[in-house]
Amino acid sequence: MENIKENERIDDLEINNLKIIQKNDGFCYGIDSVLLSDFSKNIRKNSNVLDLGTGTGILGFLLIAKTEIKKVFGIEIQPDIADMANRSIKLNNLEDKFEIINCNIKDLENKLKIDYFDAIVTNPPYKKSNSGGINENKTKLISRHEVEANLEDFIKVSFKMLKDKGSLYMVHRAERLVDILSEMRKNKMEPKKIRMVYSNKNSDCKLVLIEAVKNGKSFLKVEKPLYVYEENGEYTEEILKIYNKL
């Protein structure tokens, strides 16, 4: 198949017949992107959406399936990953709905209009650049660690690119929550909604989903916890619904 290169595979997203190309030994999408697509599915109809650090394009594809947005612009710094996302777009015949831009998010204001986007979604690198455990290949290193852009960069860029009162939707590690809220408020991205994600009812919180609004007024809603697994190790009913299994 011409869409596929060596060491790649096509995975079925099990929604709207969408497919995605991923590397067999590369950084593949996980549950965090799926949860973020559900958390942000109330993005208004005909919105222009920016996906910062799009990777394989998973968030863009899921949002196109779940919402009535106008178009997604996916920003990806790694040329080979951007190419793979582009081939997935062609595979799904979504060239008019999804565009990939191969650049660093810090250069974005030279590529696209500022104050233009209705919403931004992002699943940024979770780990600080000087944190341990960085013996990974370059693709995984850039995907997981703040090598090319850090948390502050993602939030600053979001403020520049969003329309006034536009929304930023982010998934991140719970351990970085204080950093996230501090940077958001400092950069006039007011946190409005938070949902904590737990593996199960007996575990510590691992992930956090956050919505912030550009120049929003201060009011924060903390939603009920989201549990991924039941005590028997099976997915909870809510997770099954998010994955379209119910």
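Against the test of being of a type in the set (A, V, I, L, M), surrounded by fewer than 16 Cβ atoms within 10 Å (Cβ to Cβ) and touching a residue at least 40 places away in the same chain (Cβ under 8 Å), the options I77, I43, I10, I21 yield a single qualifying residue, I10. The numbered conditions (1) touching a Phe, Trp or Tyr at 6+ places or on another chain (Cβ under 7 Å); (2) among the hydrophobic types (A, V, I, L, M, F, W, C); (3) surrounded by 17 or more Cβ atoms within 10 Å (Cβ to Cβ) are all true for A212 except (1). Restricting I105, I101 to residues that are touching a helix residue (DSSP H, G or I) at 6+ places or on another chain (Cβ under 9 Å), crowded, with 19+ Cβ neighbours inside 10 Å and touching a residue at least 12 places away in the same chain (Cβ under 8 Å) narrows the list to I105. Does I134 fit the bill of being β-branched (V, I, T), modelled with pLDDT under 95, surrounded by fewer than 15 Cβ atoms within 10 Å (Cβ to Cβ) and farther than 26 Å from M196 by Cβ? When the stated conditions are applied, I134 passes them. Highlighted here are the helices (runs of 4 or more DSSP H) found entirely within the range 1-96 that include at least 3 residues which are over 18 Å from Y126 (Cα atoms) and at pLDDT 95 or above: 58-66, 79-91. If you go through the range 198-245 and keep only what is more than 19 Å from the chain's Cα centre (by Cα), of a type in the set (A, V, I, L, M, F, W, C) and closer than 19 Å to V121 by Cβ, you end up with nothing.
Counting the residues of the range 221-240 that are at pLDDT 95 or above, acidic (D, E) and farther than 16 Å from R195 by Cα gives 3. Within the range 108-131, if we keep just the residues that are loosely packed, with under 15 Cβ neighbours inside 10 Å and either touching a Lys or Arg at 6+ places or on another chain (Cβ under 9 Å) or not polar (S, T, N, Q) (or both), the residue that is modelled with the lowest pLDDT turns out to be K128. P124 fulfils the conditions (1) assigned to a helix (DSSP H, G or I); (2) within 14 Å of the chain's Cα centre (by Cα) except for a single criterion, (1). In a helix (DSSP H, G or I), crowded, with 18+ Cβ neighbours inside 10 Å and of a type outside the set (F, W, Y): does that describe S158? Answer is yes for this residue.
Here L168 meets the list (1) modelled with pLDDT of 95 or more; (2) in contact with a helix residue (DSSP H, G or I) (Cβ under 7 Å, 6 or more places away or on another chain); (3) under 28 Å from D25 (Cβ atoms) almost entirely, failing just condition (3).
The values are calculated or read from the model by the stated rules, or taken from the named source; none is laboratory data. These figures come from a predicted structure and were not determined experimentally. Cβ: placed from backbone, ideal geometry, glycine included. Neighbour counts: every protein chain shown.
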